[in-house]
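Take a look at the structure set out below.
The values are calculated or read from the model by the stated rules, or taken from the named source; none is laboratory data. What you see is a predicted model; the values in this text were computed from it and never measured. Counting neighbours? That spans all protein chains shown, and the Cβs are built from the backbone with ideal geometry, glycine included. Protein only, heavy atoms only, side chains kept; ligands, DNA and RNA dropped before computing areas. Shrake-Rupley method; radii C 1.70, N 1.55, O 1.52, S 1.80 Å.
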Amino acid sequence: MSQAEMSVKPGGFGRTMRVDAWWLQPALVFVVLSSFVVYATWAALQGKDYEWGPYLSPFYSPLLFGEGPHAWLGPKPGWWPGALPFSAAIFILWAPGLFRVTCYYYRGAYYKSFWADPPSCAVGEPRACYRGERSFPLILQNVHRYFLYLALPILAVLAWDAWKALWFPAPGGGTRFGIGLGSLVLLANVIFLAGYALGCHSLRHLVGGRLDRISSSPLRSKAYDCTSCLNRRHMSWAWCSLFSVALADLYVRLCSMGVIRDWRIV
């Protein structure tokens, strides 16, 4: 019997022979992910204060319906039920949200933190058997690759938003190039999101994982190397992009509400 097996042999949830603070990481993940879900849900349901000047919150982009200049299809549609509160974020936020929920890294993180499956290595868990992801509902996690196909176009739109965030209204009409603190916040958010999405395990498999001899395709081999490079720091990209997307929404929201003023650098 291995040392790990002996450490959980006494049985019972949380039983272990480990003497380190094994509970600290899952507890921290629980707090951070819970805080993000609460804030993102609140921000998505506000339906206002999501744009300021050339800035658009990533929670609402692409903005399909809205009152400002960023809207693609005009104001709130007439077919929307009057009894339901309207927010443009509900048309789009579900796609990147489910991309994260089904992410291979996040699955391992919240399985430990929220379901204690297991709470940590060599720590007793509250169930007697391991069912894996081959039965309902966890088998639905395999749709992750399809949410990748939705996340990549949204990433391209966010990159376009970051470019538009560099063009401010000119005194005589039109726009002129400029850099504000919000421009840098939105640009950093795109960089972190790109590092996270382009290092995705599913994308790595898509560009080269199915080939028996990847060296036979130089272009796909180079793409595979690039995604593999990002994939090595997938956890870091995942957390940085989680904070950056929330910070970008918060910055635009506070500017729109008049709580803070955007600092113009150029």
| note | Out of P119, Y105, L140 - ranked by how far each Cα lies towards the positive end of the dipole of the stretch 8-165, with unit charges on the beta-carbon of charged residues - the top one is P119
| field | Contour minus Cα-Cα distance for L45 and S217 (0.36 nm per residue) | value | 57.3 nm
| message | Could you tell me the calculated FRET efficiency between W167 and A27, based on Cβ-Cβ distance and R0 = 30 angstrom, to the nearest 0.05? | response | 0.10
| Which listed residue (G258, Y196, F243) has the Cα farthest towards the positive end of the charge dipole for the chain, taking +1 on Lys and Arg C-beta and -1 on Asp and Glu C-beta about the Cα centre? | Y196
| field | Calculated FRET value between F177 and I139, using beta carbons and R₀ = 51 Å, to 0.05 | value | 0.55
| To two decimal places, what compactness ratio does the stretch 48-151 give when its Cα radius of gyration is scaled by 2.2 N^0.38 Å? | 1.49
| said: Only four residue types carry charge here, +1 at the Cβ of Lys and Arg and -1 at the Cβ of Asp and Glu. Report the dipole size of the chain about the Cα centre in Debye, rounded to the nearest 20. | reply: 540
| Hey, any idea what % of the stretch 175-262's accessible area is carbon plus sulfur with a 1.4 Å probe? | 64
| request: Please give the peptides 52-63, 12-23 ranked by average Cβ packing (other Cβ atoms within 10 Å per residue), highest first, as a rough proxy for protection. | output: 52-63, 12-23
| remark: With the dipole of the stretch 5-97 defined by +1 on each Lys or Arg Cβ and -1 on each Asp or Glu Cβ, the option from S87, W52, V32 whose Cα lies farthest towards the positive pole is V32
| query | Could the peptides 173-186, 205-218 be put in order, highest first, of the mean number of other beta-carbon atoms found within 10 Å of their residues? | reply | 173-186, 205-218
| Dimensionless Rg over Rh [the chain; C-alpha; Kirkwood] | 1.04
| request: Counting only heavy atoms of the protein chains, get the accessible area per residue of the chain (1.4 Å probe) and round it to a whole Å² value. | output: 58
| query | Rounded to the nearest 500 deg cm²/dmol, what is the calculated helix-only ellipticity per residue at 222 nm for the chain, with -39500 (n - 2.57) per DSSP H run of length n ≥ 4? | reply | -15500 deg cm²/dmol
| remark: With the label point 7 Å along the Cα-to-beta-carbon line of R15 and a cut-off under 17 Å to each amide N, the hits in the stretch 128-157 are 128-130
| query | Given a Förster radius of 35 Å and the C-beta distance between R233 and R261 as r, what FRET efficiency does 1/(1 + (r/R0)^6) yield to the nearest 0.05? | reply | 0.50
